[in-house]
Structure formats: structure tokens, C-alpha cells
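The values are calculated or read from the model by the stated rules, or taken from the named source; none is laboratory data. Please read these numbers as outputs of a predicted model, since none were measured by experiment. Every residue, glycine among them, receives a Cβ derived from its backbone with ideal geometry; neighbour counts consider all protein chains shown. Note: areas computed on protein heavy atoms with side chains; ligands, DNA, RNA excluded. Shrake-Rupley method; radii C 1.70, N 1.55, O 1.52, S 1.80 Å.
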Amino acid sequence: ATLFAVNAAPLELVKRETKFPPCPDAPPDVVGLDVKMTPDPFVPGKEETFDIKGTLKKDVVTGDLLGVGFIDLVAKAPIGDPLVVDICTLPGVTCPIKAGTAFSTTQELTAPAASDLPQSYAIVIAMVHGAPPDVEPLACSAAIFGAGSESSAVPDFWSFL
């Protein structure tokens, strides 16, 4: 009988970091944001911390809004209450933020309960100028979950701000 010995290295699981690419179909001047989410992956019903960084192509002024939300891609509506804040009132932010100047903030939002999450949804981070419904998108990034490539269109998040 022949005996074979195999040196099997333990399988190292590589944790996938959630990616927040620029929102699909965003206007040309809308930039993507560098977003890190903790914990990652998010835990339904628990508080999430979002570290958000970016350099915008337009100035940020008093009244401009930052929104973080979970969006149902089929209903094209927020899941729960999105976080919406005036960027210039955030701690450590001095406005105006001139175009081309790096911006960063850390925000917290409670993730929806697992029972509230549809099959396809997105976590969207957006910055807009102006007040709803007349807003001008400044930045947008989205992590899309459960959607095939044919349904990757993210609704206009700024319409929910």
C-alpha cells in the first residue's frame, strides 16, 4: 500500500471589506467618497460608525447636507430614518470648504433590523447643496447588496434628504 502525506496549510479566511464605489449614474461633477464602516460587515439593528472622507469639486457652504442611509433598491425608498446633517455644523468642520480641499467626518447610524432589510438594498452616503427638493448633488457613494448587475441603478439618494 502507498501512503500519501499532504501538508495542508490551514485555510485563512480573508475578510472582505465593504466597498463604497461612486454611485452609478451620478452627474459628472459628483465625486465618490472614501467610506469605512465599523463593524464591517454591519450588524442589523446595531449602531454603525461611518468614517467618510473626500475631496469635492465644488465648495461646501452652510446648509449643505450629508446623508447616510439604507435604501430599498426596489421601492427606491429609505429603510428606516436616514441620518441627515448640515455639514457645516459638524464638529471639526469649518465652512466654507473650498473645492479641492479634503473633508472628513465620522457619523453613526443604527442599521435596520434584519427583518426590515429587503433582498436588494444599498448603503448610500451622499452630500448635496441646497434644500430639498431643489438639491445639487456634490458627492455620492453606495455599497450595493443583493442586486444583480442588471439592477445596479441606485435611486437619487439626494431626493430623500
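Computed quantities for the displayed model
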read-out	value
Subset of the stretch 106-122 [in a strand (DSSP E or B) and more than 11 Å from L83 (Cβ to Cβ)]	T106, Y121, A122
Selection count, the stretch 57-93, where residues are open to solvent by 20 Å² or more (accessible area, probe 1.4 Å), part of a loop (DSSP other than H, G, I, E, B) and closer than 14 Å to P137 by Cα	5
G54, sole failed condition from (1) under 19 Å from the mean Cα position of the chain (by Cα); (2) open to solvent by less than 60 Å² (accessible area, probe 1.4 Å); (3) farther than 24 Å from P118 by Cβ; (4) at pLDDT below 95	(4)
From the options F42, F103, residue that is at pLDDT 90 or above, open to solvent by less than 30 Å² (accessible area, probe 1.4 Å) and assigned to a strand (DSSP E or B)	F103
